[in-house]
Amino acid sequence: MTRFRITPDVAATFPDTLIAVVIATGLRGHEPWPATTSALEELEAQLADGAWAPADESDPRIEAWHAVYRSFGTNPRRIRPSVDALGRRLAKKGALPRINPAVDSYNAVSVRHGLPAGAFDLDHVTGDIEIRYADGSESFTPLGEPGTVENPKPGEVIYTDTTDVLTRHWNHRDAHRTRVTEDSTRVALVLETVAATRDKQLLTTAASDLQALLQPHCDSSTVHYLSLAHPDATA
């Protein structure tokens, strides 16, 4: 079992935070995921037709994350929230990357709903996962850069386990060690908002959409929510 926790100081500073944690076990990443393929292709077709466009930095959902990044000293136009970076990539290239079915699923849901998303292979997580402020002593190895070590700045919001940092700048980029691959069988996927008063329904819909993409390809899936009122969840 893995415990997820928002520390009291982070929760108090960002009291409108709501995080959906989708746990999938018995994941089968080597089989075809036709619904995920269709979701990606539908987004790309709607973009090409001009019927839809990803949220940009003028959108309130993105603006809220830019404000959060600035509050802990990160320039959100240089180091962008994940959903902002992904939406910009889609708008520029007309297509989303194909990584593996689980990652493609949360990317599709993230862009569709304008919410940051990420994931961790729980078999490579040590101890519990905590969302807290960095103190400057932590280390982080970015996804795709196994030879790189970074040190988050004190006051930066991070996800961490008992070994090192899982995500820098709250949701900018995940770590290499806990990356989700086709071989991952026990995965935690997160969707986030810092404006739950406005976007709670959007988040719960996004979590349901993600769970629907996962369910045909795993043995079980559950959704848990973290907030100021409920800062802990065990899955």
*Taking the range 219-235 as the search range and keeping residues that are open to solvent by 60 Å² or more (accessible area, probe 1.4 Å) and assigned to a strand (DSSP E or B), which one is farthest from Ile23 (Cα to Cα)?*
Asp232
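Checking the conditions here, which among Arg132, Arg98, Arg112, Arg88 is free of Cβ contacts under 8 Å to residues at least 40 places away in the same chain, open to solvent by 40 Å² or more (accessible area, probe 1.4 Å) and either among the basic types (Lys, Arg) or assigned to a strand (DSSP E or B) (or both)? Lay out the reasoning, then the answer.
Values: Arg132 fails: free of Cβ contacts under 8 Å to residues at least 40 places away in the same chain; Arg98 fails: free of Cβ contacts under 8 Å to residues at least 40 places away in the same chain; Arg112 fails: free of Cβ contacts under 8 Å to residues at least 40 places away in the same chain.
One residue alone meets the criteria, Arg88.
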*Can you tell me which residue in the range 162-173 is surrounded by the most Cβ atoms within 10 Å (Cβ to Cβ), limited to those that are assigned to a loop (DSSP other than H, G, I, E, B) and under 11 Å from the mean Cα position of the chain (by Cα)?*
Asn171
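Of all residues in the range 176-200, how many are among the hydrophobic types (A, V, I, L, M, F, W, C) and within 22 Å of Leu214 (Cα to Cα)? Before the answer, list the steps.
We begin by selecting, within the range 176-200, every residue among the hydrophobic types (A, V, I, L, M, F, W, C); these are 180, 187-191, 194-196.
Now restrict to residues that are within 22 Å of Leu214 (Cα to Cα): 180, 187-191.
Count: 6.
Is it the case that Gly147 is open to solvent by 10 Å² or more (accessible area, probe 1.4 Å), farther than 26 Å from Pro101 by Cβ and without any contact (Cβ under 8 Å) to a residue 12 or more places away in the chain? Even if it seems obvious, please write down each step before you answer.
Values: open to solvent by 10 Å² or more (accessible area, probe 1.4 Å): yes; farther than 26 Å from Pro101 by Cβ: yes; without any contact (Cβ under 8 Å) to a residue 12 or more places away in the chain: yes.
It is true that Gly147 is open to solvent by 10 Å² or more (accessible area, probe 1.4 Å), farther than 26 Å from Pro101 by Cβ and without any contact (Cβ under 8 Å) to a residue 12 or more places away in the chain.
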*Return only the number of the condition from (1) under 13 Å from the mean Cα position of the chain (by Cα); (2) open to solvent by 20 Å² or more (accessible area, probe 1.4 Å); (3) over 26 Å from Ser221 (Cβ atoms) that Ser82 does not satisfy.*
(3)
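Could you run through the range 198-218 and say how many residues are of a type in the set (A, V, I, L, M), buried (at least 19 other Cβ atoms within 10 Å of the Cβ) and farther than 12 Å from Leu18 by Cα?
If we filter the range 198-218 for residues that are of a type in the set (A, V, I, L, M), which is where we start, we get 202-203, 206-207, 210, 212-214.
Narrowing further to those that are buried (at least 19 other Cβ atoms within 10 Å of the Cβ): 203, 206-207, 210, 213-214.
Add one more test, that the residue is farther than 12 Å from Leu18 by Cα, and what stays is 206, 210, 213-214.
Count: 4.
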*asked:* For the structure I just gave you, tell me whether Val180 is among the aliphatic types (A, V, I, L, M) and not in a loop (DSSP other than H, G, I, E, B).
replied: no
*Could you tell me whether any residue of the range 150-161 is under 17 Å from Tyr106 (Cα atoms) and open to solvent by 30 Å² or more (accessible area, probe 1.4 Å)?*
no
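Can you work out which of the residues in the range 1-38 that are assigned to a loop (DSSP other than H, G, I, E, B) and among the hydrophobic types (A, V, I, L, M, F, W, C) is most open to solvent (accessible area, probe 1.4 Å)?
Applying the first criterion (assigned to a loop (DSSP other than H, G, I, E, B)) to the range 1-38 yields 1-2, 7, 14-17, 26-33.
Remaining after also requiring among the hydrophobic types (A, V, I, L, M, F, W, C): 1, 14, 27, 33.
On the way: Met1: 178, Phe14: 24, Leu27: 12, Trp33: 11 Å².
The qualifying residue most open to solvent (accessible area, probe 1.4 Å) is Met1.
The values are calculated or read from the model by the stated rules, or taken from the named source; none is laboratory data. Here the structure is a predicted model, which is why all the values come from computation and not from measurement. Cβ coordinates were reconstructed from backbone atoms using ideal geometry, including for glycine residues, and neighbour counts include every protein chain displayed. Accessible surface is based on the protein model in full, side chains and every heavy atom, while ligands, DNA and RNA are left aside. Shrake-Rupley method; radii C 1.70, N 1.55, O 1.52, S 1.80 Å.
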